[in-house]
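Q: I am attaching a structure below and will ask some questions about it afterwards.
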Amino acid sequence: MKTNISSSAPSQLETDCLVVVVLDHSEKDKPAPAVECDDKAVREAAKDVIASGEVTGKPFETTLLHHPTGLKARRLLLVGGGKAKNFSAAELRKLAGAAVRTLKAKSVHSFAFASGGGNGVPSPFDAVRSIVEGAIIGDFDPGYYKSDRKEKDKEQKIDALTIVTSGDAKSLEAAMQAGRIVAESQNFTRDLVNEPSNLMTPNILAERAKKMAAEVGLKCEAYGADKIKQLKMGAFWGVAQGSDEPPALIVLRYEPTGAAKDVHLGLVGKGVTFDTGGISIKPADGMEKMKYDMAGAATMIGAMRAIALLKPKVKVTAIVCATENMPSGKAQKPGDVQIAMSGKSIEIINTDAEGRLILADGLCYARQLGCTHLVDAATLTGAVVVALGYVNAGIFASTDELYERFAKANQQAGEKMWRLPLDDEYKENLKSNIADMVNSGSRWGGAIFAAMFLKEFAEDTPWIHLDIAGTAWMEDSKPWIAKGPSGIALRSLVEFVKGWSA
Ligand code: BES
Ligand code: MN
Ligand code: ZN
């Protein structure tokens, strides 16, 4: 999708479709919809349909007018944005996605989005960025292996988007590029997650990371079983040993000149390319979904792509532990004891609690490489879905200071996450009779248990853990996004990293 910026009056723009936002300005029940556009001709063109009561401005309501009077555009699409007082960049991002998905389905190939002008929130630059992000994210279609895909792509594809706004051209251009980088990186992550496990093995993931790294100028190393054993990653290997598919330890390095000397961010991703549960095997129902158990890894790889292109002045290293979790004659068994890289011993109670094992060694390795602050992302527990459903990702933080930083980035990125606790009282549950800790505890508070387990390996390094089990995969499509891989957490991570730029 090509994107460009135009400062022309929306009514004077020749386009297949002009998209404008309708907000509801009422304080009470009766809607008071208004078109958010400074151009009087556009408001006139929408006047009758608004007066009819057909348009209310409620979120994602779409109304398409053909040959709108007084406009050069062939069509006018009104998209509802909800209450004016709640409107923000996050809503605008979704509306751009909804516009793309609506117009694609109608075989419209290019359109213009009038970025508003009503209440001035968000700023023109934030608006441009949000529109570009939302449009590119909305364009993703997970139907990779449908045999009519090529024809459908020809028929239903948005080739060009013009954003109609005014302001300093250079800054608007920069905002557009930033939005494009982040959204294309998010789609890159979604692409990796969408692939089935037979076509996204640990080594294919490593190859994809390497290819991306070469394109954007990152250093990338991928190691196999030998290195994992040499580093004494007994927890990681304990999971990997059960699979015929070789594991991969992937390291991506971003080392800009002029970065602060005392900050080195470490991004650690869970890359289980398929989670059968191992010997503690999962029920068949829904097991196909476990191909997305590498979403944390894909998020970190995608975030590194965006970081390499946006060039913040801070050192960042991503570590991805990639493996399958399989039952076999070589697989680890409940009761086995594994010695993690840090030297701590772990009694394996449940082989399905494998993510925390591979992350334990990933976090330890990140510390060994000198990371001063850690963030991990993982589809770690079903329990986080019980706690927060499919709406919020779980966020855990070892310090309030680091949480505040992340929460700010999260807010800007417009992603939903909710903090869960890490009180010392929970540590009780980690106790094992035979080893330093167990890998799985009581039924209750499972997401917290997993986080407490990881904390043992982050040790005293400030650390954030994102449990994205409920949010990395969309069960249903939404007006602004297809069902399937969501790319959650990437935008927050990128904002977070930018916040450390020297
Ligand atoms: N990959 C799963 C968690 C998961 C569940 C991801 C649902 C996405 C959707 C993880 O490895 C797992 O199996 N966790 C177990 C842990 C339990 C055995 C302690 C769980 O949550 O049931
Ligand atoms: Mn599991
Ligand atoms: Zn898993």
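Q: Please report the relative contact order for the chain, taking Cα pairs under 8 Å with a sequence separation of at least 6, and give it as a percent rounded to a whole number. Write down the numbers at each step before the final one.
A: Numbers: 1204 pairs, mean separation 74.2, N = 502.
That works out to 15 percent.
Q: How tilted is helix 202-216 with respect to the longest principal axis of the chain? Cα atoms for both, answer in degrees (0 to 90, nearest 10).
A: Its long axis makes an angle of about 50 degrees.
Q: Another question, if that's okay. Convert each backbone phi in the range 183-193 into a coupling constant with the Karplus relation 6.51 cos²θ - 1.76 cosθ + 1.60 (shift: θ = phi - 60°), then list the ³J(HN,Hα) values in order as whole Hz, x for Gly and Pro.
A: Values per residue, Gly and Pro as x: 5, 5, 5, 5, 5, 4, 4, 5, 4, 4, 6 Hz.
Q: What is the helix-to-structure angle for 446-458, meaning the angle in degrees between its Cα long axis and the longest Cα principal axis of the chain, kept from 0 to 90 and rounded to the nearest 10?
A: That helix lies at roughly 70 degrees to the long axis.
Q: I would also like to ask the following. Once all Cα-Cα distances of the range 2-167 are split into 5 Å bins that start at 0, what whole-number percent is in each one?
A: Values per bin, smallest distances first: 2, 9, 19, 22, 21, 14, 7, 4, 2, 0, 0.
Q: A follow-up question, please. By the gyration tensor of its Cα atoms, with a ≥ b ≥ c the square roots of the eigenvalues, what is the shape of the range 321-409: rounded for a/c under 1.5, prolate for a/b over b/c, or oblate? Before the final figure, lay out each step's value.
A: Working: a/c = 2.50, a/b = 1.38, b/c = 1.81.
Cα axes put the range 321-409 in the oblate bin.
Q: Which sequence of Trp473, Trp463 reflects their accessible areas, 1.4 Å probe, from the largest down?
A: Values: Trp473 45, Trp463 0 Å².
Ranking Trp473, Trp463 by accessible area, largest first, yields Trp473, Trp463.
Q: Still on this structure: I'd like the FRET efficiency for Lys30 and Lys478, computed as 1/(1 + (r/R0)^6) with the beta carbon distance as r and R0 of 35 Å, rounded to 0.05. Please report the intermediate quantities before stating the final value.
A: Values: r = 27 Å, r/R0 = 0.78.
E(calc), rounded to 0.05, equals 0.80.
Q: Give, in whole angstrom and from largest to smallest, the semi-axes √(5λ) of the equivalent ellipsoid of the chain, with λ running over the eigenvalues of the Cα gyration tensor.
A: Details: eigenvalues 390, 96, 91 Å².
Values for the chain, descending: 44, 22, 21 Å.
Q: Right, here's the next one. If you fit an axis through the alpha-carbon atoms of helix 355-368 and take the longest principal axis of the Cα set of the chain, what angle between them do you get, 0 to 90°, nearest 10?
A: With both axes taken from Cα atoms, the answer is about 90 degrees.
Q: Normalise the Cα radius of gyration of the range 400-502 by 2.2 N^0.38 Å (N = residues in it) and let me know the number.
A: Values: Rg = 16.4 Å, N = 103, 2.2 N^0.38 = 12.8 Å.
Normalised Cα radius of gyration, the range 400-502: 1.28.
Q: Do any GluC sites (Glu not before Pro) in the range 1-90 lie in a DSSP loop with no more than 13 other beta carbon atoms within 10 Å, and if so, which? Mind dumping the intermediate values first?
A: Numbers: sites: Glu14, Glu27, Glu36, Glu44, Glu54, Glu61; in loops: Glu14, Glu27, Glu36, Glu54, Glu61.
Loop-located and lightly packed - Glu14, Glu27, Glu54.
Q: Percent of accessible area on the range 218-498 owned by carbon and sulfur, 1.4 Å probe?
A: On the way: 5280 of 10600 Å².
Using a 1.4 Å probe with all protein chains present, the range 218-498 comes out at 50 percent carbon and sulfur.
Q: Please quote Rg/Rh for the range 218-498 to two decimal places, taking the Kirkwood radius as Rh and restricting both calculations to Cα atoms.
A: With Rg and the Kirkwood Rh in hand, the quotient comes to 0.94.
Q: Given Cα pairs under 8 Å that are at least 6 residues apart, what percent is the relative contact order of the range 2-167? Mind dumping the intermediate values first?
A: Values: 346 pairs, mean separation 50.7, N = 166.
Relative contact order of the range 2-167: 31 percent.
Q: Which whole-number value in Å² is the accessible area per residue of the range 75-213, probe 1.4 Å?
A: Values: 5390 Å² over 139 residues.
Accessible surface, normalised per residue, equals 39 Å².
Q: Distance between the C-alpha centers of the range 328-384 and the range 19-44? Whole Å please.
A: Computed from Cα coordinates, the inter-centre distance equals 53 Å.
Q: Another question, then. For the range 122-131, what does the Karplus curve 6.51 cos²θ - 1.76 cosθ + 1.60, with θ = phi - 60°, yield as ³J(HN,Hα) per residue in whole Hz, taken in order and with x for Gly and Pro?
A: Karplus values, whole Hz, x for Gly and Pro: x, 5, x, 6, 4, 5, 4, 4, 5, 5.
Q: Still on this structure, please answer the following. Mean separation of Cα pairs under 8 Å and 6+ residues apart, divided by the residue count of the range 380-426: what relative contact order is that in percent?
A: On the way: 30 pairs, mean separation 20.5, N = 47.
Reported relative contact order: 44 percent.
Q: Hey, another quick one. Please give the contour-minus-distance gain from Val391 to Ile349: 0.36 nm per residue of separation, less the Cα-Cα distance, rounded to one decimal in nm.
A: Values: separation 42, 0.36 × 42 = 15.12 nm, distance 2.99 nm.
Stretched fully, the Val391-Ile349 segment lengthens by 12.1 nm.
Q: Of Lys219/Lys408; Lys219/Lys311; Lys85/Lys483; Lys344/Lys455, which sit over 22 Å apart, Cα to Cα?
A: Values: Lys219/Lys408 29 Å; Lys219/Lys311 14 Å; Lys85/Lys483 29 Å; Lys344/Lys455 13 Å.
Those over the limit are Lys219/Lys408; Lys85/Lys483.
Q: Can you compute the helix-only [θ] at 222 nm over the chain? Use -39500 (n - 2.57) per DSSP H run of at least 4 residues, normalise by all residues, nearest 500 deg cm²/dmol.
A: Working: 14 runs with 177 residues, N = 502.
It lands at -11000 deg cm²/dmol.
Q: Please give the Cα centre distance for the range 460-502 versus the range 136-208, rounded to the nearest Å.
A: Centre-to-centre (Cα) distance: 16 Å.
Q: Restrict the search to the range 429-502; then list the trypsin sites (Lys or Arg not before Pro) that DSSP places in a loop and that have at most 15 other Cβ atoms within 10 Å of their Cβ.
A: Answer by residue number: Lys431, Arg443, Lys483.
Q: Whenever you get a sec, compute what percent of the accessible area on the range 1-109 sits on carbon and sulfur atoms (1.4 Å probe).
A: Ligands and nucleic acids excluded, carbon and sulfur give 50 percent.
Q: How much area per residue is accessible in the range 362-502 when the probe is 1.4 Å and only protein heavy atoms are counted (Å²)? If you can, show how the numbers build up before the last one.
A: Numbers: 5940 Å² over 141 residues.
Averaged over the residues of the range 362-502, the accessible area is 42 Å².
Q: Could you work out how much longer the chain between Glu288 and Asp153 gets when fully extended? Use 0.36 nm per residue separation minus the Cα distance between them, nm to one decimal. Don't jump to the answer; show the numbers that get you there.
A: Numbers: separation 135, 0.36 × 135 = 48.60 nm, distance 2.61 nm.
Gain in length upon complete extension: 46.0 nm.
Q: Compute the distance in nm between two label points, each set 7 Å from the Cα along the Cα-to-Cβ direction, one at Glu54 and one at Ala169.
A: The two pseudo-label positions are separated by 3.9 nm.
Q: Highest mean first, how do 349-362, 195-208 rank when packing is the count of other Cβ atoms within 10 Å averaged over residues?
A: 349-362, 195-208
The values are calculated or read from the model by the stated rules, or taken from the named source; none is laboratory data. A quick note: this is a predicted structure, and the numbers were derived from the prediction, not measured. Don't worry about glycine lacking a Cβ; one is built from the backbone with ideal geometry, like all the others, and counts go over all protein chains shown. Calculation scope for accessible area: heavy atoms of the full protein, side chains included, ligands and nucleic acids excluded. Shrake-Rupley method; radii C 1.70, N 1.55, O 1.52, S 1.80 Å.
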